[in-house]
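**Q** My questions will all concern the structure given below.
The values are calculated or read from the model by the stated rules, or taken from the named source; none is laboratory data. Bear in mind that the values here come from a model prediction, so they are computed numbers and not experimental data. Every residue, glycine as well, gets a Cβ built from its backbone with ideal geometry; the counts of neighbours run over all protein chains shown.
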Amino acid sequence: MRIMSIQNVQPGMVLGKTVFGSSSKLQLLNAGTALTEEYIARLNELDVTSLYIVDENIGEVDIEDVVCDQTRLEAGKLAKDIMEKTRLGSSFDPCRVKNIINSIIDDLLSNKELLVKLVDIRTMSDYSYFHSVNVAILSGITGIGLGYSSSRLQELMIGALFHDLGKTLICDQMSCMHFLPEDETPAELKKHPELGFEVLRQNKSVSILSAHIALQHHEMYDGEGYPRKMTGSDIHEYARIVAIANIYDLLTTDRPEHPRMPSHQAVEYLLLHAGTFFDPDMIAAFVEGVALYPEGTIIKLNTGQTGVIIKSYRDFPTRPRVRILADRNGIRLPIPEVLELYNRPEYFISEVLDEIDK
Ligand SMILES: [Fe+2]
């Protein structure tokens, strides 16, 4: 299985991973579905730009998600329900939130190697619900890496799930999903941290620290954020984590104004802003939990050979296991060769490709 741009998807190809969104059930197409022209046209209409495809050309590549589809779907439904209730001015039942967050924590803790290797494929119309779920998952993985107790994980992840709750009181979700630099963010939109904080603070079952995540997730480490221009450790650690998870998820999923950025480039962006936008210690903890070169990525090596990542390692982020598919001249190998880059220092990844034959 590998991720493929929808322009290159052909009828008959089999979907490797469930596509979320666009209906009341929030589940569009299940993994294992054979794609037809109608399905592809519908996905195009819904602005889905990439899909995971079972690709026999690259051999078997099994990619496990850190959280199962069902849990992700339930969390997306709950996020949608709560955002809609908040928009209408009604409160929500925190027990349902705690239950779903605990299910996510159980999934994460049962994972042997806690490494994010997938992006979830979502339609633009349901983007913000699945974005919220993913920010909670990414924050949870960082919290586990930092040795958080389960009660701290719960506080962190509930706040992460609702970091943008205040936006529901300002704008519809389509106009809220843009990632804008601080100086380009409209003043009205900059009110969402305080609005979200107020909603969460009034719900007595939500920890005040979770509410502070909504308030502080746009503060920047160097004091250039909003609403209060807080700096360094004055910003709660939870909010410093969620700020990173929020930007990473925005960068690595397709949005109207920006195509998906590959994981290694998004990590590069985060590292570049360690100490300015982001807390360097939290960046270090965060990047340990995301695969730079996720399984299924097509790459070119310094030797000119092309191949597919078949195993990424948490301890050796730049040295995954690669199945070599073609030589330096682009000629397919009759029998693919497998290279463990961690014990072959003479090889390194020079490029990430969308297709094998490029
Ligand atoms: Fe926000």
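**Q** Does ILE137 meet the test of being touching a helix residue (DSSP H, G or I) at 6+ places or on another chain (Cβ under 9 Å) and modelled with pLDDT of 95 or more?
**A** yes
**Q** Any idea which residue in region 178-190 is modelled with the lowest pLDDT, counting only those that are more than 10 Å from the ligand (Cβ to nearest atom) and in a loop (DSSP other than H, G, I, E, B)?
**A** Top of the filtered list is HIS178.
**Q** Picking from PRO193, PRO280, which residue would you name as being more than 16 Å from the ligand (Cβ to nearest atom) and not basic (Lys, Arg)?
**A** PRO280
**Q** Separate question: Name every residue in region 155-174 that is near the ligand (Cβ under 10 Å from one of its atoms) and either hydroxyl-bearing (Ser, Thr, Tyr) or modelled with pLDDT of 95 or more (or both), in order of residue number.
**A** Correct list: HIS163 only.
**Q** If you scan region 224-240, which residues turn out to be closer than 22 Å to ALA187 by Cβ and outside any loop (DSSP other than H, G, I, E, B)?
**A** Selection gives ALA239 alone.
**Q** Right, here's the next one. Between a residue in region 288-305 that is closer than 19 Å to ARG260 by Cβ and in contact (Cβ under 8 Å) with a residue 12 or more places away in the chain and any residue that is assigned to a loop (DSSP other than H, G, I, E, B) and of a type in the set (Gly, Ala, Ser), which pairs come within a Cβ distance under 9 Å, given they are 6 or more apart or on different chains?
**A** Listed by first residue and then by second, the contacts come to ALA291/SER312; LEU292/SER312; TYR293/SER312; PRO294/SER312; GLU295/SER312; GLY296/GLY16; THR297/ALA291; THR297/SER312.
**Q** Given the condition touching a strand residue (DSSP E or B) at 6+ places or on another chain (Cβ under 8 Å) and over 22 Å from ARG87 (Cβ atoms), answer yes or no: does some residue in region 221-234 qualify?
**A** Yes, region 221-234 contains at least one residue that is touching a strand residue (DSSP E or B) at 6+ places or on another chain (Cβ under 8 Å) and over 22 Å from ARG87 (Cβ atoms).
**Q** Pairs under 6 Å by beta carbon, first residue closer than 20 Å to GLY196 by Cα in region 218-230, partner among the acidic types (Asp, Glu), six or more apart or different chains?
**A** GLY225/GLU219; PRO227/GLU194; MET230/GLU219
**Q** Here's a check for you: in region 199-248, which residue that is charged (D, E, K, R) and under 22 Å from the mean Cα position of the chain (by Cα) is nearest to the ligand (Cβ to nearest atom)?
**A** Within region 199-248, the match that is nearest to the ligand (Cβ to nearest atom) is GLU219.
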